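Some notes on the structure that comes next.
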Amino acid sequence: MTHGLQRDQNGGLLPGAPVGLVVGGSLTQGVEVRLDGAATVEDIKAGTFLTIQGGRQRYFGVVTDIALGSSDPRMKHTPPQPGEDFLVQVLSGIVAYGAVTVMPSVTLPSVLGDEESPPPAKTIPPHFARAYTAAPRDVELVFGREDENHFWIGNPLDMETKLCLDLDKLVQRSIGIFGKSGTGKTFLTRLLLVGILQRNRASSIIFDMHSEYGWSGQDADRRRVVKGLKQLFPSQVSTFTLDEASSRRRGSPVDEVVGISYGDVEPEDLLTLRETLNLSEVAAGAGFNLERKFGPGKWLREFLARQGQDDVKELAEDVGINQQALLTLHRRLSQLTRYEFFTDQAPKDAAVQIIEHAEKGRHVALEFGRYGNDPTAYVLVSTLLCRRIHKRYIDLKEQAAGGGGREPRPLVLVIEEAHKFLSPAIASQTIFGIIARELRKYNVTLMVIDQRPAAIDSEVMSQLGTLLTCRLDNEKDVEAVLAGTPGARQLRTVLSRLESRQQALLFGDALPMPVVVRTREYGSEGSYAELGRKAGLQPDAHQGETAAQRLEREIKELF
Amino acid sequence: MLSPEIKGAVRLGEVVKSASTVCTVQCYQLEGAPPLGSFVRAGGGPATATADAVYGVVAAISAEPLEPGRPVLARGEAAVSEEEVYRSSPQLARLLTSRFEMLLIGRQAREGFQAALPPVPPRIHTFVYGCTKEEIVGCTERLGFLPLLLDAGSLASAEVVAACLRTAAEVYPDRGQFLLRAGRALAGELSGDLPALNSILRRIIL
Ligand SMILES: Nc1ncnc2c1ncn2[C@@H]1O[C@H](COP(=O)(O)OP(=O)(O)OP(=O)(O)O)[C@@H](O)[C@H]1O
Ligand SMILES: [Mg+2]
């Protein structure tokens, strides 16, 4: 057909090309756009952006479903025969047509330059309104242009346009990053962290399970090593390690080696470990009895010092705990004694060190080295450090509220395998559950990364502000991620059709509407150059300074 | 010369029965009926269409005795050829006649062709002409005549519609493109009656 004008050299529709007319639909189900001769179903994918020109407003929406329709039900029974090309050409688009369902999410301002993000669509375009493929300008109008507050996270499907996240809104509430194994969660997380670093919006503490954020990470597919955050932002990132030998072996420069004292473990930490260690409720609660007996800070050391069954049984009698339960707890906790970072008295207090770095505006990546493969070590260390960091933040915040000091800098805590901390059974009792639920009250939020969102407590899931999810196959996981999201039914289709890597569905606070992106490339020299650059912001040397420090510097520079 | 021909438009006959949507035309010559599906004009001069001219498509051609009460008899038993039958009975040409139905598809307006029925049907004895290429283009450029043609019901058989579009296609430089355009317009009209549509489309490309 003669619609060459609307196509690029690959045959794809050009931005702004007309695709069809609105012929029906609803606000909840989306509007039905009947494709006309210029566009066929193959031109449009689930997730493609369209704009619809209504009578008074322009709408911006995403394609959530694609269907084949026919004006005559008999067509199924008497389709054109092979070789009847003329019939095929005539019938296509008229008697046999394609139709797409579009969710109009926002209305576009008629003039550029409005700082406000476009308002959500509260109605739908009328019948016969024309639909067009979205132009880069439309995408910018909706998602914002790359600037101090807008970080380029990826590209919409089939578009070169940069799609940006609103960083302020991103760090205001907790963030969830989900997807099956190998779909690109780690790469996506690294990009988000780069965004937060570049724009210096918050500090982050990364519990770097597989040692892939701090100094360097792996690109398993391309069999190459990719740079970690510290290589991109040397002056802003501190690397801590639990396993110095491993860090040295990988050539990862280390700022601090972390040791944990037995005394740092508190009875409530065992509650978090309940599932990881497969403990009964009684066993997980025994820490409190032990603490009562031996005293705070001493109970774990004393408990683990017991040798032999009889010894433990006797103790069980003593503290009033079921013998079997305490024996199990003893057996399971014994593995802690094999951790080299565990000592009677660590030379430095890791939590204090981390907080110091964070307060200086630095980002801390705690590499777990070989302990990354041990869920107990990961959960225990992350939990007890976070508990103390959180406590510190509460103090700071309360001081600030009382007029005694400045507001603590927003802090993002990054954890992998989040369901180990936030499963429904334990989420109500653990520090991460608390942080997730109390929102931003104390300027601390979570970035949770997980393959199995269904295993995370639904209340915690509902508190996530922004979700970035790569492909998920499992029904339950899909449901868990989309629970409570408007248009969940339509998004489900989109989610299950993501490519197996480097594509993600993003929705929530940081975006005016759900969107599928091909995640920005990470790992080439070109990408480093762009990512390390601070998008025209203040030079690296001054990044991370507090407002007071900056004032001081500026005064010095002036005189 | 069989018929008076002046500057392209051939005068074929006269309207002998007139109605809003269809007129019966009697041809001057027994063999003078235009082909099925061709375009004709009633009214106006041989060269120009005046404001009261109407356009139509040829359907249901017939040849019959002039007087219905005098049935035609077979005459050729002794003749060697069919030609000889006519030659030996020269009066036949006056006793027999051809007629066709002219399905109205539009009228001449000031701005040109308009796909609409005339307010009153053509007068009896209005002269009927074959259309020139320019006139055919005028009628078919916008394809608005298709609904009127299809409205003629059983007279507008699939064969007539297909023949009409094939005829029109011949006057366009890109025949295939016209047929595709026309086919799609037709599909729009008949989108709820696929068998009828398919039947026409299959005849178009015969
Ligand atoms: N933005 C990106 N740039 C370049 N490559 C990417 C990107 N996203 C994903 N990939 C490719 O996909 C592979 C898997 O990504 P990643 O390691 O982030 O997956 P994951 O979801 O964290 O997996 P796991 O669940 O096993 O931790 C990477 O090795 C890389 O080759
Ligand atoms: Mg990973």
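The values are calculated or read from the model by the stated rules, or taken from the named source; none is laboratory data. It should be emphasised that the depicted structure is a prediction, and the values quoted were computed from it without experimental measurement. Cβ: placed from backbone, ideal geometry, glycine included. Neighbour counts: every protein chain shown.
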> Would you say A:Asp138 is over 18 Å from the mean Cα position of the chain (by Cα) and within 16 Å of ligand 2 (Cβ to nearest atom)?
Replying inline: no
> Looking at (1) modelled with pLDDT of 85 or more; (2) in contact with a Ser or Thr (Cβ under 9 Å, 6 or more places away or on another chain), which is the only condition B:Tyr86 fails?
Replying inline: (2)
> Here are A:Leu191, A:Leu242: which of them is away from ligand 2 (no atom under 16 Å from the Cβ) and of a type in the set (A, V, I, L, M)?
Replying inline: A:Leu242
> Among (1) under 17 Å from the mean Cα position of the chain (by Cα); (2) farther than 25 Å from A:Ala350 by Cα; (3) away from ligand 1 (no atom under 16 Å from the Cβ), where does A:Gly154 come up short?
Replying inline: (3)
>> Among the numbered criteria (1) of a type in the set (A, V, I, L, M); (2) out of contact with any helix residue (DSSP H, G or I) (no Cβ under 7 Å at 6 or more places or on another chain); (3) more than 25 Å from B:Ser62 (Cβ to Cβ), which one does B:Leu143 miss?
In response: (2)
>> If I filter segment B:172-191 down to residues being of a type outside the set (Ser, Thr, Tyr) and part of a loop (DSSP other than H, G, I, E, B), which single residue comes out as surrounded by the fewest Cβ atoms within 10 Å (Cβ to Cβ)?
In response: B:Pro173
> Can A:Leu68 be described as more than 14 Å from chain B (Cβ to nearest Cβ), at negative phi, of a type outside the set (Val, Ile, Thr) and within 44 Å of the chain's Cα centre (by Cα)?
Replying inline: yes
>> Given the criterion among the small types (Gly, Ala, Ser), part of a helix (DSSP H, G or I) and within 16 Å of ligand 1 (Cβ to nearest atom), identify the matching residue among A:Ala454, A:Ala400, A:Ala436.
In response: A:Ala454
>> For A:Ala46, only one of the following conditions fails: (1) buried (at least 19 other Cβ atoms within 10 Å of the Cβ); (2) in a strand (DSSP E or B); (3) away from chain B (no Cβ under 12 Å). What is its number?
In response: (2)
>> If A:Thr51 meets every condition in (1) within 30 Å of B:Ala182 (Cβ to Cβ); (2) modelled with pLDDT of 90 or more apart from one, which number is that one?
In response: (1)
>> Here's a check for you: in segment B:154-169, which residue that is among the hydroxyl-bearing types (Ser, Thr, Tyr) and part of a helix (DSSP H, G or I) is surrounded by the most Cβ atoms within 10 Å (Cβ to Cβ)?
In response: B:Thr167
> For segment A:509-527, how many residues are out of contact with any strand residue (DSSP E or B) (no Cβ under 8 Å at 6 or more places or on another chain) and buried (at least 22 other Cβ atoms within 10 Å of the Cβ)?
Replying inline: 0
> Has segment A:176-193 got any residue that is away from ligand 1 (no atom under 15 Å from the Cβ), of a type in the set (Val, Ile, Thr) and either without any contact (Cβ under 8 Å) to a residue 40 or more places away in the chain or surrounded by 23 or more Cβ atoms within 10 Å (Cβ to Cβ) (or both)?
Replying inline: no
> Taking segment B:15-52 as the region of interest, how many residues are acidic (Asp, Glu) and at pLDDT 95 or above?
Replying inline: 0
> A:Pro118: away from every other protein chain (no Cβ under 14 Å) and farther than 19 Å from A:Ala46 by Cβ, yes or no?
Replying inline: yes
> If you go through segment B:43-94 one residue at a time, how many are within 30 Å of B:Glu135 (Cβ to Cβ) and not aliphatic (A, V, I, L, M)?
Replying inline: 11
>> Could you check segment A:197-215 and list, in sequence order, the residues that are of a type outside the set (S, T, N, Q), more than 11 Å from ligand 2 (Cβ to nearest atom) and crowded, with 22+ Cβ neighbours inside 10 Å?
In response: A:Leu197, A:Ala202, A:Ile205, A:Ile206, A:Phe207, A:Gly214, A:Trp215
> Regarding A:Pro125, is this residue away from ligand 1 (no atom under 16 Å from the Cβ) and modelled with pLDDT of 90 or more?
Replying inline: yes
>> If A:Arg492 satisfies all but one of (1) assigned to a helix (DSSP H, G or I); (2) under 17 Å from the mean Cα position of the chain (by Cα), what's the number of the condition it fails?
In response: (2)
>> Quick test for you: out of B:Arg181, B:Arg99, B:Arg107, pick the one residue that is at negative phi, within 14 Å of another protein chain (Cβ to nearest Cβ) and among the basic types (Lys, Arg).
In response: B:Arg181
> Do we have A:Met159 as within 14 Å of chain B (Cβ to nearest Cβ), surrounded by 14 or more Cβ atoms within 10 Å (Cβ to Cβ) and not basic (Lys, Arg) here?
Replying inline: no
>> Just to be sure before I move on: is A:Thr485 surrounded by 21 or more Cβ atoms within 10 Å (Cβ to Cβ) and among the hydroxyl-bearing types (Ser, Thr, Tyr) in the structure I sent?
In response: no
>> Just to confirm my filter: which strands (runs of 3 or more DSSP E) fall fully inside segment B:45-153 and include at least 1 residues that are closer than 23 Å to B:Leu12 by Cα and without any contact (Cβ under 8 Å) to a residue 60 or more places away in the chain?
In response: B:54-65, B:96-109, B:112-114
>> Which condition from (1) among the aliphatic types (A, V, I, L, M); (2) modelled with pLDDT of 90 or more; (3) part of a helix (DSSP H, G or I) is the one that A:Leu5 breaks?
In response: (2)
> Within the bounds of segment A:413-430, is there any residue that is among the acidic types (Asp, Glu), within 15 Å of ligand 1 (Cβ to nearest atom) and part of a strand (DSSP E or B)?
Replying inline: no
> Is there a residue being surrounded by fewer than 18 Cβ atoms within 10 Å (Cβ to Cβ), within 14 Å of chain B (Cβ to nearest Cβ), part of a loop (DSSP other than H, G, I, E, B) and modelled with pLDDT under 80 anywhere in segment A:10-17?
Replying inline: no
> Quick one: what pairs do we get from segment A:396-411, first residue on the phi < 0 side of the Ramachandran plot, second basic (Lys, Arg) and in a loop (DSSP other than H, G, I, E, B), C-beta under 8 Å, 6+ apart or different chains?
Replying inline: A:Lys397/A:Lys441; A:Ala400/A:Arg406; A:Pro410/A:Arg201; A:Pro410/A:Arg440
> For segment A:439-451, what are the residues that are part of a loop (DSSP other than H, G, I, E, B) and within 16 Å of ligand 2 (Cβ to nearest atom)?
Replying inline: A:Gln451
>> If I ask for residues that are in contact with a helix residue (DSSP H, G or I) (Cβ under 6 Å, 6 or more places away or on another chain) and under 25 Å from A:Asp349 (Cα atoms), which ones from segment A:282-292 would you list?
In response: A:Gly287, A:Phe288, A:Leu290, A:Glu291
